[in-house]
Amino acid sequence: MNIFRLFGDLSHLAAIAILLLKIWKTRSCAGVSGKTQLLFAVCFITRYIDLFLHFVSLYNTEKVMKLIYISASVFTCYLIFFKFKATYDGNHDSMRAEFLIVPAAGLACLINTKFDAIEILWTFSIYLEAVAILPQLFLISKTGEAETITSHYLFAQGSYRALYILNWIYRYHYESHVDTIAIVAGVVQTILYCDFFYLYITKVVKGQKIVLPA
Amino acid sequence: PADEVDHDEL
């Protein structure tokens, strides 16, 4: 474990917590893409499938973190699609998730480290995570604005994988550890946030709200 | 199982 990965995981936890708080406190999921949250839940379940297969002795933090990610993302989907369904902006959350899931699944079968079920699920989860934020970014471009709290969520969510890139550089340099698939997907994932990062740093940090040119 | 690829990150 290194500082980059630690702060990456903390940033990821913060993102999940910010979104949960936003929905719970405002009792509304306006401006939140339910599809992105569904895709994240699928990512966690397919990536941490080992929790369900092998007996999970909850002694180490990694297992606990995996369970937190899965339960928090499923609970977020429950809030969006059930509890606060009336506030879900389905009209603007209109990016076709199939266009992300099918290519990720196909690519996972073609490019993977080992052609076996668990490994393909893991690879699928990595590829899907890289593009899972697209429905959320698409929704913001359609509505033309993002609530400040939602911007903080996106900043934390984007920072997590950006910090993981620093972690991979660190591990390559000091442990000569390389996980090419995760690195390539992580770079793509972070690049997708660049536009948002620019808006966040030039606007939200100064207390302005993100309003895209309509 | 030993033959599984070890992904030690979340």
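Please identify, among A:L192, A:L51, A:L38, the residue showing maximal mean-square fluctuation in a Gaussian network model of chain A using a 10 angstrom Cα cutoff. Taking springs between Cα atoms under 10 Å, the residue moving most is A:L51. So if I take the alpha carbon set of the protein assembly as shown, get Rg, then get Rh from the Kirkwood formula, what is the Rg over Rh ratio? Ratio of gyration radius to Kirkwood radius: 0.96. From largest to smallest, the equivalent ellipsoid semi-axes obtained for region A:120-214 from the alpha-carbon gyration tensor read 29, 16, 9 Å. A straight Cα-to-Cα reach below 26 Å connects A:K114 with the lysines A:K63, A:K66, residues fewer than 8 places away in its own chain not being considered. Ellipticity at 222 nm from helices only: DSSP H runs of n ≥ 4 in chain A, each -39500 (n - 2.57), divided by the residue count, give -22500 deg cm²/dmol. Mean separation of Cα pairs under 8 Å and 6 or more residues apart, divided by the residue count, gives region A:87-214 a relative contact order of 29 percent.
For a quick check: with amide H placed at 1.01 Å from N, whose amide H comes under 5 Å from A:E145's, ignoring anything fewer than 5 positions away on the same chain? So A:E145 has HN proximity to A:L212.
Considering only A:V178, A:V32, A:V74, the Gaussian network model of chain A with Cα springs below 10 Å gives its largest mean-square fluctuation to A:V178. Of the residues A:K25, A:K85, A:K66, the one that moves most in a GNM of chain A with alpha-carbon contacts below 10 Å is A:K25. Of the DSSP H helices in chain A, those that are both long (alpha-carbon extent of 15 Å or more along the helix axis) and hydrophobic (Kyte-Doolittle mean at least -0.5) are A:3-26, A:34-47, A:61-78, A:98-110, A:117-131, A:148-175, A:180-191.
Only the coordinates and a few stated rules stand behind these numbers; no lab work does. None of these values were measured; they are calculated from a predicted model.
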